[in-house]
Amino acid sequence: MKKKCLVLLLVPFAFSSLTSCSSSKESLTFGTYVNQTLQSLEVLSDSQLIDKADSNETFLLAVYQGGYSETCDCWITFQNIITSYMNKYNERVYVYDAQGQDGTTAHLKIEKINESSPSLYIFSGNTQLAKFIENRNKDKGIFTDTTCESMHRRVHKVVNKPKAYYVDDNYLKENLANSSKTIISFVRKKCGDCNYVIPNVIIPYINSKNIKANLWLFDMQDLYDLSNAETASEEEKKIYQGVKDRYGLSTTGNETYGYQKGVVPTTQYYENGILKDASVFFNETVEQREDESYFISDSYYSEERLQNLHYLKDVNFTTCLKGMELQNTSVLHNQSGKPYWSQSNAAKYHTPLLKAFLDYYA
């Protein structure tokens, strides 16, 4: 009788332990609401994969074996599955060629085999959380179940759904007005400032916080490339600026929260499709006086604009950057000789500004 009572007493603790383990699972960092096709699958280079791991992103990686896989039905089928998976569950899956490894990714322990069998990995930064292999019987469903349910079930035994989602213009047109509280970061994947803020501020923030608002990222690189192509028509040349104007990144689009012609990275807060507040990372204009001293001649964070930035009302750090004096050691020059504020120095001021914005709205 005593043994039976002891077992009954331990049962609640067993369930409590299971619940605790489930809630402690990591979350995927980024999902996507952008419609995917086979042609849009993002194949990572070694350097891109290393950057993603070093940024402590938690992500799904579909791996194929170069020429062994490319004409094999098993890889072709899995490509279709991961495309459907992203569209159905809105969880981003990256692609990588194991045969193309140059040795710099050896610490990630991605298996290179001389056969066609694809695999699926789950990484949290440089840590491999899970590995599923097509030629292993218990994993077979991931690579053959075209409903994607097998993949979803196995993935979510390891990680939770994403905290932030990539969007595009089409998605925003259809959904922004119906979203009660939304934060959108406008970025470009080839923008140096964006490639600083995402791994150094945004990813650490969303990995460590319980995000309550919708958090979306709009990568406008394709629109930028289209408008700046040598073969761009007059209409195409206007597309990128038109999108920035429409979403209030520029002063033409929104006198209160826009900045110059619109810059990235810009992060905005919306309520029911109405722009309510914004934060701009970097993008100061630096000038040199005749005495060779430097100062910030223009910044999003000016005395005039501060009265409209609600998230800075009660903070105790520097908020007005326009007019600020700069040490010569914090100023660099581009190839044309134009001065700019170094990222390492500018980040000391901009990181608390963006974190205050996220704390206030996210």
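Numerical summary
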{"quantity": "Angle in degrees between helix 73-89 and the longest Cα principal axis of the chain, rounded to the nearest 10", "calculated": "60 degrees"}
{"quantity": "Among Q128, N56, G262 - extreme Cα towards positive end, dipole of the chain, charges at beta-carbon", "calculated": "Q128"}
{"quantity": "Mean Cβ count within 10 Å, highest first, over the residues of peptides 181-194, 308-321", "calculated": "181-194, 308-321"}
{"quantity": "Mean projected area (nm²) of the alpha-carbon convex hull when the stretch 166-221 is viewed from all directions", "calculated": "4.0 nm²"}
{"quantity": "Candidates M324, M151, M86: whichever shows maximal mean-square fluctuation once the chain is modelled as a Gaussian network with Cα springs under 10 Å", "calculated": "M324"}
{"quantity": "Rg ratio (alpha-carbon, reference 2.2 N^0.38 Å) - the stretch 237-332", "calculated": "1.20"}
{"quantity": "Correct choice for percent of Cα pairs over 34 Å apart that was computed from the model, options (1) 38; (2) 23; (3) 43", "calculated": "(1)"}
{"quantity": "Cα Rg over Rh - the stretch 24-93, Kirkwood", "calculated": "0.98"}
{"quantity": "Residue order for K25, K209 - accessible surface, 1.4 angstrom probe, largest first", "calculated": "K209, K25"}
{"quantity": "D_trans [Stokes-Einstein, Kirkwood Rh over alpha-carbon pairs] for the stretch 138-279, 25 °C, 0.890 mPa s, µm² s⁻¹", "calculated": "144 µm²/s"}
{"quantity": "The chain: angle of helix 343-361 to the longest principal axis, Cα-based, in degrees nearest 10", "calculated": "70 degrees"}
{"quantity": "DSSP-defined beta bridges in the chain - what % are antiparallel, rounded to 5", "calculated": "65 percent"}
{"quantity": "Förster radius 35 Å - calculated FRET efficiency between E325 and S180, Cβ distance, rounded to 0.05", "calculated": "0.25"}
{"quantity": "Accessible area (Å², per residue) of the stretch 166-253, counting only protein heavy atoms and a probe of 1.4 Å", "calculated": "51 Å²"}
{"quantity": "For the stretch 79-154, accessible area per residue (1.4 Å probe, heavy atoms of protein chains only), Å²", "calculated": "44 Å²"}
{"quantity": "Degrees, to the nearest 10: 2-23 long Cα axis against longest axis of the chain", "calculated": "40 degrees"}
{"quantity": "Global geometry of the stretch 26-139, whether rounded, prolate or oblate, following the gyration tensor of its Cα atoms and the 1.5 cut on a/c", "calculated": "rounded"}
{"quantity": "Selected from Y89, Y257, Y165 as most flexible by GNM, with the chain as the system and alpha-carbon contacts under 10 Å", "calculated": "Y89"}
{"quantity": "Most to least packed among 231-237, 294-300 [average Cβ atoms within 10 Å]", "calculated": "294-300, 231-237"}
{"quantity": "Estimated FRET transfer efficiency (E70, H107; beta-carbon r; R0 22 Å; 0.05)", "calculated": "0.25"}
{"quantity": "Percentage, to the nearest whole number, of Cα pairs in the stretch 288-362 over 18 Å apart", "calculated": "45 percent"}
{"quantity": "Relative contact order of the chain, pairs being alpha-carbon contacts under 8 Å that are 6 or more residues apart, as %", "calculated": "14 percent"}
{"quantity": "Of all accessible heavy-atom area on the chain, the percent that carbon and sulfur account for (1.4 Å)", "calculated": "47 percent"}
{"quantity": "Linear extension gain, K212 paired with S344, 0.36 nm per residue minus alpha-carbon span", "calculated": "44.5 nm"}
{"quantity": "Ratio of the Cα radius of gyration of the stretch 101-218 to 2.2 N^0.38 Å, where N counts its residues", "calculated": "1.33"}
{"quantity": "Among S293, S250, S179, residue whose mean-square fluctuation peaks in a GNM of the chain (springs only between Cα atoms under 10 Å)", "calculated": "S293"}
{"quantity": "Cβ charges +1 (Lys, Arg) and -1 (Asp, Glu), total dipole of the chain, debye", "calculated": "2200 debye"}
{"quantity": "Efficiency of FRET from Cβ geometry, K261 and E236, R₀ 22 Å, rounded to 0.05", "calculated": "0.80"}
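The values are calculated or read from the model by the stated rules, or taken from the named source; none is laboratory data. In this text, all values refer to a predicted model and were calculated from it rather than measured experimentally. No Cβ is skipped: glycine too gets one built from the backbone with ideal geometry, and neighbour counts run over all protein chains shown. These area figures cover heavy atoms from the full protein model, side chains too; ligands, DNA and RNA do not enter into them. Shrake-Rupley method; radii C 1.70, N 1.55, O 1.52, S 1.80 Å.
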